[in-house]
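The structure appears right after this line, and notes come after that.
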Amino acid sequence: GIRDILDRVLSIRPALKTAGVEDLEVIVVDDGSQDRTSEIVGATPGVKLIRHSTNRGYGAAIKTGFRHARGEFLAFLDADSTYPPERFAKLCEVMLQRDMDVVVGSRRSGIEVSEMPFVRRIGNTAWSLLLTLIGDRLVQDPASGMRVIRRRCLELLYPLPDGLNFTPVMTTRAIHEGLRFAEIGIPYSE
């Protein structure tokens, strides 16, 4: 599936320019896979490959990508085609027009169709409610794996964990640090 998602990500360059983002840098962090991911990514023009020799975790892979990225906006999404890279332009547009620090593609906004499994939806709802109460602001999808953040915000967001709790902890830190935070509805495919 890596070839399909890379093609989709690379195709958004014109939409990003229209949204006000002049350059697209694509980085794939292969977190110790045993399949042909590195071979396929390495043969894809315009994509930078970084390999972890062993699996270090979801959050560790994203942080590795952050360290190697050059841009002011840092964006990420899971490579399993569940999140639509075509929506990155809208997230960047909101970031620029509303001067946001973090923009999240929300699978639970109620605007778009979401195929999030029922069990995951229950857990996400509970975490959303907790963050909404503690942070005194509405949070709909604290665990979304599709985001754009400003590089300068990393120092406020860190430390972040290496595991799958990376995104909910990032959301919690963003609220705690008072970062300007927006959630934009996206479709989600399981």
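The values are calculated or read from the model by the stated rules, or taken from the named source; none is laboratory data. Given the structure is predicted, the values throughout are model-derived calculations rather than measurements. All Cβ positions, glycine included, derive from the backbone under ideal geometry; neighbour counts span all protein chains shown. Each accessible area value is taken on the protein alone, full model and side chains, heavy atoms only, with ligands, DNA and RNA left out. Shrake-Rupley method; radii C 1.70, N 1.55, O 1.52, S 1.80 Å.
Considering Cα pairs under 8 angstrom that are at least six residues apart, work out the relative contact order of region 128-190 and quote it in whole percent.
Once normalised by length, the contact order is 31 percent.
Multiply the residue separation of D78 and D23 by 0.36 nm, subtract the distance between their alpha-carbon atoms, and state the gained length in nm to one decimal.
Length gained between D78 and D23: 17.8 nm.
Quick check: at a probe of 1.4 Å, how many percent of the accessible area of the chain sits on carbon and sulfur atoms?
55 percent
Using modelled backbone amide H atoms (1.01 Å from N, in-plane), which distant-in-sequence or interchain residues come within less than 5 Å of I27's amide H?
K48
So, by mean Cβ neighbours within 10 angstrom, what's the order for 150-159, 168-177 with the highest one leading?
168-177, 150-159
Could you tell me how many degrees, from 0 to 90 and to the nearest 10, lie between the Cα long axis of helix 118-135 and the main elongation axis, the longest principal axis, of the Cα atoms of the chain?
Orientation of helix 118-135: about 60 degrees from the principal axis.
Taking the Cβ of D99 as the center, what net charge do the other residues with Cβ under 11 Å away carry, scoring Lys and Arg +1 and Asp and Glu -1?
Net local charge, D99 excluded: +2.
With contacts defined as alpha carbon pairs under 8 Å and 6 or more residues apart, what's the relative contact order of the chain in percent?
27 percent
Take the alpha carbon atoms of region 143-166, find their center, do the same for region 6-79, and report the distance between the two centers in whole angstrom.
Taking the Cα centre of region 6-79 as reference, the centre of region 143-166 is 15 Å away.
Can you classify region 1-74 as rounded, prolate or oblate using the Cα gyration tensor, where a ≥ b ≥ c are the square roots of its eigenvalues, rounded means a/c under 1.5, and otherwise it's prolate if a/b beats b/c and oblate if not?
It is oblate, given that a/c is not under 1.5 and a/b is not larger than b/c.
Using only helices, what value at 222 nm comes out for the chain when you add -39,500 (n - 2.57) per DSSP H run of length 4 or more and divide by the total residues, to the nearest 500 deg cm²/dmol?
-11500 deg cm²/dmol
How do 60-73, 78-91 rank on mean C-beta neighbours within 10 Å, highest first?
Ranking, from highest mean packing down: 78-91, 60-73.
Fully extended, how many nm does the chain gain between R67 and E86 (0.36 nm per residue separation, minus their Cα-Cα distance)?
Length difference between fully extended and current span is 4.4 nm.
Answer rounded, prolate or oblate for the chain, using the Cα gyration tensor with square roots of eigenvalues a ≥ b ≥ c: rounded when a/c is under 1.5, else prolate when a/b is larger than b/c, else oblate.
rounded
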